[in-house]
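The values are calculated or read from the model by the stated rules, or taken from the named source; none is laboratory data. Bear in mind the structure is a predicted one, so any value in this text is a computation, not a measurement. Cβ atoms come from the backbone with ideal geometry, glycine included; neighbour counts cover every protein chain shown. Side chains are part of the model used for accessible areas, which takes the heavy atoms of the whole protein and leaves out ligands, DNA and RNA. Shrake-Rupley method; radii C 1.70, N 1.55, O 1.52, S 1.80 Å.
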Number of protein chains: 4
Amino acid sequence: METQLRIAVIGAGYWGPNLARNFSAGPDWRLVAICDLDRERAEGLAARVGNVDVVTDVDDLLARDDIDAVAIATPARTHHALALKALAAGKHVMVEKPLADAGERGRAMVDTAAANGLVLMADHTYCYTPAVLKIRELIEEGALGDILFIDSTRINLGLIQPDVDVFWDLAPHDLSIIDFILPGGLRPQTLAAHGADPLGAGKSCVGYLVLPLQGGAMAHVHVNWLSPTKIRQMVIGGTKRTLVWDDLNPQQRISVYDRGVDLGLQAVDGVERTAATVSYRLGDTWSPALPEREALGQMAAEFAESIRDRRAPRTDGAAGLRVLSVLEAATRSLAKDGAVVGVEDPAGAEQLAGAR
Amino acid sequence: METQLRIAVIGAGYWGPNLARNFSAGPDWRLVAICDLDRERAEGLAARVGNVDVVTDVDDLLARDDIDAVAIATPARTHHALALKALAAGKHVMVEKPLADAGERGRAMVDTAAANGLVLMADHTYCYTPAVLKIRELIEEGALGDILFIDSTRINLGLIQPDVDVFWDLAPHDLSIIDFILPGGLRPQTLAAHGADPLGAGKSCVGYLVLPLQGGAMAHVHVNWLSPTKIRQMVIGGTKRTLVWDDLNPQQRISVYDRGVDLGLQAVDGVERTAATVSYRLGDTWSPALPEREALGQMAAEFAESIRDRRAPRTDGAAGLRVLSVLEAATRSLAKDGAVVGVEDPAGAEQLAGAR
Amino acid sequence: METQLRIAVIGAGYWGPNLARNFSAGPDWRLVAICDLDRERAEGLAARVGNVDVVTDVDDLLARDDIDAVAIATPARTHHALALKALAAGKHVMVEKPLADAGERGRAMVDTAAANGLVLMADHTYCYTPAVLKIRELIEEGALGDILFIDSTRINLGLIQPDVDVFWDLAPHDLSIIDFILPGGLRPQTLAAHGADPLGAGKSCVGYLVLPLQGGAMAHVHVNWLSPTKIRQMVIGGTKRTLVWDDLNPQQRISVYDRGVDLGLQAVDGVERTAATVSYRLGDTWSPALPEREALGQMAAEFAESIRDRRAPRTDGAAGLRVLSVLEAATRSLAKDGAVVGVEDPAGAEQLAGAR
Amino acid sequence: METQLRIAVIGAGYWGPNLARNFSAGPDWRLVAICDLDRERAEGLAARVGNVDVVTDVDDLLARDDIDAVAIATPARTHHALALKALAAGKHVMVEKPLADAGERGRAMVDTAAANGLVLMADHTYCYTPAVLKIRELIEEGALGDILFIDSTRINLGLIQPDVDVFWDLAPHDLSIIDFILPGGLRPQTLAAHGADPLGAGKSCVGYLVLPLQGGAMAHVHVNWLSPTKIRQMVIGGTKRTLVWDDLNPQQRISVYDRGVDLGLQAVDGVERTAATVSYRLGDTWSPALPEREALGQMAAEFAESIRDRRAPRTDGAAGLRVLSVLEAATRSLAKDGAVVGVEDPAGAEQLAGAR
């Protein structure tokens, strides 16, 4: 068996405990330290995950040479500084979503990781759920055909965040999933974001994001903190089949419908002829069995494997940048009352090797 | 008992038979004739609804003085000419949705009706369902508080229409309902429409409509011909309660959630203070019993009552114009790739008397 | 094309109109008369289905020689006398469920039909729905393996019938379906029926029927007039797969689960060894597309075909007898407070030829 | 604040960890020891819940005088001996369901506890969920009226247990809940149990339990290890309202329907008159908000309170006996192929004081 990699978790707040638990449980990793400014909080977490060191100064932590990697679970505005320090100290880095609080800062993180030959991974947890892995697999093998539209809804009565709007709070989930399942990743050239702040909270609490994709297709994301009902659903329409993912239905999370519309493409001489050759398929529905596996365990394994194989992880820094780029454009569109704005292409930073 | 009003149905195609059946069944109306260019089709319908005359020439029909009103169920592009003729002949007029194929033409119809002292009614059928009537009543009596957002979804694998896009085909339902339940009607000043035509059908098959409302609220409509699952749902969020209407759940169509977010308004000195005073209500859910009544029967009764009382019907020509105005703006926004565009205020035409 | 068969419907009350409509619509039949003691009711129905004769005396009707068959939709207590008269007059007969109000009387009907070489068909309408036809097909081709259990639920706030209990009112549906889909038909040797009359209505309003099947399998039927929620669901467990039919879910009526338990049969030396070799399958779910077809139309076609082919129809008199036999045993069990009682085997009457 | 009571958990297998976690978390209890024959398993659990002693010999444990109570989470066949020992040592006792593996043994436990003035509590966990507590409250305050029927379904693809059938495995949940919510507890005089073993597992894998209640009402329980779909639903019909508890719908666990049937009681002279005065209510549906609270925490609090107040706990030994009595009668009925059998009334043992 291979030697275990050694990791420290930075941040013992909301998400850190989940990371700590998974890095201490799997075969790939040995969790060696918890780092948090709040010693008591760090000690509480350390006690729950077994015998690990407690550190309050991140510089002390990064100076140790018995640590291969760090997982950063601190507020987004601190990601940039912490990641750069860790990369400078030769550590591989995983960062909770979003990658950073600004695209430029995220870019600097990606560039530094590339320059230092280290792995920078975005903690896009949903991408490691059995449901999303299955969706990616189905799209890759062509089961859906070409993608026609993606409609994602993520609404419920949610906590109104003090520092970010509903787009930055919830949409990273949808965007990182769409980025993960689309063969070329999420690379819209333009977008429009429409937000509403009907309570006067000072930020959007209801949000709609329109993302034109290649070939006339479109992705749409609805995020909402004010809905009394909870919906987490994604519909992915394809030329061959259409998939519905209902994450709140554990008995049938994924349904693949062999239903759709076929346009007779030979009809070129007019709208009416085209319509005349429309045909509808009303075939069976199929729901694949999904294994019961915790996503974070899969992500920890992928992080380890990417380090060992010296390759970019499936959700690498570039994926994090693509999500950031969309969020930044959304903020620009909101500032212009929903105008269509361009989305910067964050590609360019070279990774170790493309995993996609 | 009052004398029955006498009506003729023009158009014996898809919708005409429903109108004919309801006008022949209720106590208010006597159906006297069916008019269609296709005599055989008109005769077939006439036979099914009892002893009524069959007419193929609309001028012959309108020349009769034993007819008080006509119900027009022909293609939208013919509404304008037929309605003007009927109004000129002194008949009250009901028109299938949409009121006309262009706002200007709809305006002419409304103006003519007003000038002639006749009723012009839009056949916004959904507004007479028990569910929508109950929603309007709940909003009127303040059960929801101020409206914060309206999110309407109307999707399923639908027929791709030869002459109109998915907005003109499906959104009139959502728009007429929103117009009906909002105390001041639907009067957005701007909107954005985003459409996708991923199959190359020559028109939008997937559509999103964003309608900013007063006070920072927002309405959003999602219409889609390509969805394998059928959803007809409207969420109406208010400051007091939130209502979910699921039209495909006959056992619980309307749910009123006593859940929501309360912002402490006294916190004026900064975002963080505001967030600190957010509170969440997680109260009971309530589902009102709804009577089983056919909407078209209710609409026929309202048409009769408005004629007798010499008042505008609940869904009058002005309501039809407001819907048209939004659809036309949507078309302009689509032409500009989703840019935010102004919506013309169609108000101005004087009606008999405001029913709202 | 073959000559149409000529039929009369006897009984213009609740169910007769449905029969009349379907016999007048299809290619196989010509509806020639409606017979009802209440002339006005018969005339009303005759007008709605086109030009057919109205007859009030059943003897007059049966004396006509332009009638090949009759469909009887009168109260159950009259089935026996009417059917015997019709068979004596040489007419083929279809009878609304239940076949008769007593097993002995049903037997006489079956015997007379056999003796006269005429078709006697039970109107087990559900057996001609696309869902039940598909279930039968799946069981026949072995997709479920051997049947382990059938659990059927048919509950909602229903009309308390004046003359029959909840078993005789609702269970004929479940029983006729189970009879139809089981390869050998429904032939339990014993049963127990448990009924509750908590309102003091003088008859069971809540009922449970336990039907041991061959090989240790069991069928169970729950019928209930007092439930505020409506459930129409049947679970059919098999050694290979299990099927769930939810008749109130038009979007996914039938789900076939590739899930189940496999017992290692080689473990013969003790309970614990057996348990040790239990294995569980957690495979995919599959929902076949079902055509949209009205069941009564299919039933009318089968009636015509069985007459032309001189064979027993799929739901023949013998099927009706098997259902009656179970209902009678249920009544005996109820009289003994739920004791297990024997079920008489109604087989024996020879039909034209076995269709099964 | 009151001094904490001190408790030890006996049994560190499947259920013990849940008990240990809750007794170590709440304010009422101090968890002082884990006792298990398997030292390693006990140590593993002790480490996860903080600094508690590990004991492998139960006699050593019971000899300690720093322990007020024990919670027994060992196989059912060991409950009797362990509880008697603990009671003899002066400890209060909580026992995992079922109370014992035989009614007589359970009775001895109850009698001994009463004789020694100690609390004996049955771990009927479901009775402390917010849903069941709310149901009990609604019935107590008369919101449902008199109970007409209870229909409980608890089915899914479950583990086939090596030592018990599906009744003893699953039905204790339903029975303890019904016992808890019925004002007088569950005291049927007779019952019938129908089981099926279609796989040849040597025990029932599908089971139905019929329990006539007072006044013509009936309870029915369906338990099933072979169902591919998971259902946990209880319908409780009352003269005023009917309640549906769907434990798998976290968004609306409890629905109270103001629907039902009212029989005109003045109609005394015959069945037909009675039926003629049936009326149906179709009122609103109401779903109470339920707090999010872990049931085991509530149960631990009740155990402490009953000890301090020297009263019987809500789910006392007598409740455990009533459940046992039904299970034993079910086994007798099964041995007679579903015959109706008498249920022994386990009442008689005096408790400290009736909490009900």
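Once phi is turned into θ = phi - 60°, what whole-Hz ³J(HN,Hα) does the Karplus curve with 6.51, -1.76 and 1.60 give for every residue of the stretch B:52-61, x standing for Gly and Pro?
10, 6, 10, 10, 10, 9, 5, 5, 4, 4
Is the shape of the protein assembly as shown best called rounded, prolate or oblate, per the rule: a/c under 1.5 gives rounded, else a/b larger than b/c gives prolate, else oblate, with a ≥ b ≥ c the square roots of the Cα gyration tensor eigenvalues?
Cα axes put the protein assembly as shown in the oblate bin.
Using Cα atoms only, what is the angle between the long axis of helix C:79-88 and the major principal axis of chain C, expressed in degrees (0 to 90) to the nearest 10?
So the helix axis and the longest Cα principal axis differ by about 60 degrees.
Considering the rotation that carries chain D onto chain A, locate the chain D residue whose Cβ comes closest to its axis and report the distance in whole Å.
It is D:Arg48, 4, counting Cβ atoms only.
Once the Cα atoms of helix C:317-335 and of chain C are each reduced to a long axis, what angle between those two axes, in degrees from 0 to 90 to the nearest 10, is obtained?
Orientation of helix C:317-335: about 60 degrees from the principal axis.
Ranked from highest to lowest mean number of other Cβ atoms within 10 Å per residue, what is the order of the peptides C:161-172, B:104-115, B:181-192?
The densest-packed peptide leads the list: C:161-172, B:104-115, B:181-192.
Relative contact order of chain B: what whole-number percent is it, with Cα pairs under 8 angstrom and at least 6 residues apart?
Relative CO of chain B lands at 19 percent.
Taking each residue in C:199-206, count the Cβ atoms of any other chain within 10 Å of its Cβ, then average. What number comes out?
Mean inter-chain Cβ contacts per residue within 10 Å come to 6.
Would you mind getting the accessible area per residue of the stretch D:127-286, heavy atoms of the protein chains only, 1.4 Å probe, in Å²?
Dividing the accessible area of the stretch D:127-286 by its residue count gives 34 Å².
Please report, as a whole percent, how much of the solvent-accessible surface of the stretch B:127-286 comes from carbon and sulfur atoms (probe radius 1.4 Å).
That share works out to 49 percent.
With n ≥ 4 as the cut-off for DSSP H runs, can you work out [θ] at 222 nm for chain C, using -39500 (n - 2.57) per run divided by the number of residues, rounded to the nearest 500?
-10000 deg cm²/dmol
So, R0 is 60 Å and r is the distance between the beta-carbons of C:Glu141 and B:Glu305; what FRET efficiency does that work out to, to 0.05?
For R0 = 60 Å, the calculated efficiency reads 0.50.
Per residue of C:138-150, what is the mean number of Cβ atoms on other protein chains within 10 angstrom of that residue's Cβ?
Partner-chain Cβ atoms within 10 Å, mean over residues of C:138-150: 1.
Simple spin-label model, 7 Å along Cα-to-Cβ: D:Arg332 to C:Asp59 in nm?
In this crude spin-label approximation the distance works out to 6.1 nm.
At a Förster radius of 45 Å, what calculated FRET efficiency corresponds to the Cβ-Cβ distance of C:Ala47 and C:Arg293, to the nearest 0.05?
Once rounded, the FRET efficiency stands at 0.95.
Roughly what would the spin-label model give for D:Gln251 and A:Gln189, points 7 Å off Cα along C-beta, in nm?
3.8
What angle, in degrees between 0 and 90 and rounded to the nearest 10, separates the Cα long axis of helix D:16-25 from the longest principal axis of the Cα atoms of chain D?
Once rounded, the angle reads 80 degrees.
Under a crude label model (7 Å from the Cα following the beta-carbon direction), how far is D:Asp38 from D:Asp163 in nanometres?
Output for this residue pair reads 1.3 nm.
May I ask for the distance between the Cα centers of the stretch B:66-137 and the stretch A:81-155, given as a whole number of Å?
55
Let me know the shape class of the stretch A:121-356, please: from the alpha-carbon gyration tensor, a ≥ b ≥ c as square roots of the eigenvalues, rounded when a/c is under 1.5, otherwise prolate if a/b is greater than b/c, or oblate.
Rounded shape, in that the Cα axes give a/c under 1.5.
How big a patch of accessible area, both sides summed and in Å² to the nearest 100, lies buried between B and D at a 1.4 Å probe?
900
Once you order the gyration tensor axes a ≥ b ≥ c over the Cα atoms, which shape class does the stretch D:277-327 get: rounded for a/c under 1.5, otherwise prolate or oblate by comparing a/b with b/c?
oblate
Run through the other copies and list how far each one's label point is from that of B:Glu137, in nm with one decimal, shortest first; the point sits 7 Å from Cα along Cα-Cβ.
3.0, 4.6, 5.2
Could you sort B:65-78, C:280-293 so that the peptide with the highest average Cβ count within 10 Å comes first and the rest follow in order?
The most tightly packed comes first, giving B:65-78, C:280-293.
Can you return the lysines within cross-link range of A:Lys85? Criterion is Cα-Cα under 23 Å, with same-chain partners fewer than 8 residues away left out.
A:Lys97
Distance between the C-alpha centers of the stretch C:157-226 and the stretch B:1-31? Whole Å please.
45
Could you rank the peptides A:92-98, A:79-85 by their average count of other C-beta atoms within 10 Å per residue, with the highest value first?
Highest mean packing first, the order is A:92-98, A:79-85.
Below 11 angstrom from the Cβ of A:Leu19, what's the summed charge of the other residues (Lys, Arg +1; Asp, Glu -1)?
-1
Let me confirm one metric for peptide A:280-289, namely the mean number of other chain beta-carbon atoms within 10 Å of its residues' beta-carbons.
6
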